[in-house]
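Everything below concerns the one structure shown next.
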Amino acid sequence: MPDPMTRVLILYTGGTAGMGKEPGQGYRPIPGFLEKMMRRIPLFQEPEVPAWEIHQYDPLLDSSDMRPRHWSRIARDIQAAYEDYDGFLVVHGTDTMAYTASALSFMLRGLRKPVLLTGSQIPLSETRNDALDNLLTALLLIGRFHDRLAEVCVFFDNTLYRGNRTTKIHTEGFDAFASPDFPPLGEVGIDFELNQGLLRPRPDAARELKVCEIGETTVGAFRVFPGLRVSFLEALLAPPVQGLVLECFGAGNAPTDPELMAALRAARDRGVVVVAVPQPLYGAANLELYANGRALLEAGVVSGRDMTVEAALAKLFYLYARGFGPQQVRSQVQLDLRGELTEP
Ligand code: ASP
């Protein structure tokens, strides 16, 4: 049964859910609008819905404008309000939701409460929309499971995902997200079904929430393509770059052009950490399988296994923000820190 005393803080960062259209312009977030709508809709006031308050960001952003400093702000706000609420709902645009969810999963260390991210493909202002269901059900989920969920999740289209396993797969359908290499944590049909065995263990009550803020470390992601020229790769790896997520062909392959390999080796020698993840949506990188993958290993590339690009990138940001040097980043990036990868 939901606990009627549950309190949820909604961190409203922007995104389609609270957007409106002005004549002749595209959708953009309208300050105050989401709260006004939610206060007006009786369903959000029902007794089984946890008590909620909205903390609206200024400015509200289309999530394409989110930067690491915005992730840090969300994490700091969660920390500041941590003792006063049972859970947190981050209302966010879908475009970069998987990046923010991944980053928050690393930044919030010792998390004992649910942090759910949601948004929508159609704004709440439209008669037919997915915002109502996503927001309402996310609140209900926090109400019901706040003492069991202790991780950062994305809730979308009746599915609860581990946040750092998600990726946006649809620009139009309501099923905007998938978690290709990890089963959903829960599904909502007639009943709420949580996949208990998959949840992250809840740290004990004495453990304090620690926030590691992420700065503007120079890391990036790049998709390998047939015909890749060494000049491209050299430019991408040039100082002050500290890390690169290399989206490889298949199970972790790239062209074995000796010049490309030399560029990677030189970058490794300068301390740049290059992490290989697969371009295919499903399955892990295995750099030992093919000679091409082995050439990458020899050039100093490390395997990101089944991490999404979003998780791998956020992890590099996080590990550098912890102050780790290249050797520690190389080893930590290959470990399962928050359920973001499957270790062999
Ligand atoms: N461009 C929007 C955003 O990411 C898309 C959305 O919310 O679905 O903020």
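The values are calculated or read from the model by the stated rules, or taken from the named source; none is laboratory data. This one's a predicted model, so the numbers in the text were calculated from it and none came from an experiment. All Cβ positions, glycine included, derive from the backbone under ideal geometry; neighbour counts span all protein chains shown. These accessible areas exclude ligands, DNA and RNA; they are computed on the full protein's heavy atoms, side chains included. Shrake-Rupley method; radii C 1.70, N 1.55, O 1.52, S 1.80 Å.
Quick notes on this one:
- Among the criteria (1) assigned to a helix (DSSP H, G or I); (2) away from the ligand (no atom under 12 Å from the Cβ); (3) within 25 Å of Leu194 (Cα to Cα), the one Gln79 does not fulfil is (3).
- Qualifying positions in region 308-320 - more than 13 Å from Thr218 (Cα to Cα) and touching a helix residue (DSSP H, G or I) at 6+ places or on another chain (Cβ under 7 Å): Thr308, Glu310, Ala311
- Selection count where residues are buried (at least 16 other Cβ atoms within 10 Å of the Cβ) and either assigned to a loop (DSSP other than H, G, I, E, B) or touching a Cys at 6+ places or on another chain (Cβ under 6 Å) (or both), scope region 219-249: 3
- Count of region 82-108 residues which are more than 12 Å from the ligand (Cβ to nearest atom) and touching a residue at least 60 places away in the same chain (Cβ under 8 Å): 15
- Residue in region 156-172 that is hydrophobic (A, V, I, L, M, F, W, C) and within 24 Å of Leu209 (Cβ to Cβ) present: yes
- For region 64-73, the set of residues classified as over 18 Å from Thr94 (Cβ atoms) and open to solvent by 80 Å² or more (accessible area, probe 1.4 Å) consists of Arg69 only.
- Residue that is surrounded by the most Cβ atoms within 10 Å (Cβ to Cβ), among those in region 174-205 that are among the aromatic types (Phe, Trp, Tyr) and within 16 Å of the ligand (Cβ to nearest atom): Phe177
- Inspection of region 23-36 finds a residue satisfying the criterion of being aromatic (Phe, Trp, Tyr), within 14 Å of the ligand (Cβ to nearest atom), on the phi < 0 side of the Ramachandran plot and assigned to a strand (DSSP E or B).
Here's the yes/no breakdown for (1) surrounded by fewer than 16 Cβ atoms within 10 Å (Cβ to Cβ); (2) part of a helix (DSSP H, G or I); (3) touching a Phe, Trp or Tyr at 6+ places or on another chain (Cβ under 7 Å); (4) touching a residue at least 24 places away in the same chain (Cβ under 8 Å):
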{"site": "Ala276", "(1), (2), (3), (4)": "no, no, no, yes"}
{"site": "Gly283", "(1), (2), (3), (4)": "yes, no, no, yes"}
{"site": "Asn286", "(1), (2), (3), (4)": "no, no, no, yes"}
{"site": "Leu289", "(1), (2), (3), (4)": "yes, no, no, yes"}
{"site": "Gly293", "(1), (2), (3), (4)": "no, yes, no, yes"}
{"site": "Leu296", "(1), (2), (3), (4)": "no, yes, no, yes"}
{"site": "Arg305", "(1), (2), (3), (4)": "no, no, no, yes"}
{"site": "Ala312", "(1), (2), (3), (4)": "no, yes, no, yes"}
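- Single residue of region 38-63 satisfying the filter (in a helix (DSSP H, G or I) and open to solvent by less than 70 Å² (accessible area, probe 1.4 Å)) that is nearest to the ligand (Cβ to nearest atom): Ser63
- Selected residue (only one of Leu139, Leu111 is away from the ligand (no atom under 16 Å from the Cβ), touching a residue at least 24 places away in the same chain (Cβ under 8 Å), closer than 21 Å to Arg322 by Cα and buried (at least 18 other Cβ atoms within 10 Å of the Cβ)): Leu111
- Count - residues of region 7-22 that are surrounded by fewer than 20 Cβ atoms within 10 Å (Cβ to Cβ) and either in a loop (DSSP other than H, G, I, E, B) or among the aromatic types (Phe, Trp, Tyr) (or both): 1
- Condition check for Gly339: small (Gly, Ala, Ser) and either farther than 23 Å from Lys168 by Cβ or surrounded by fewer than 23 Cβ atoms within 10 Å (Cβ to Cβ) (or both): yes
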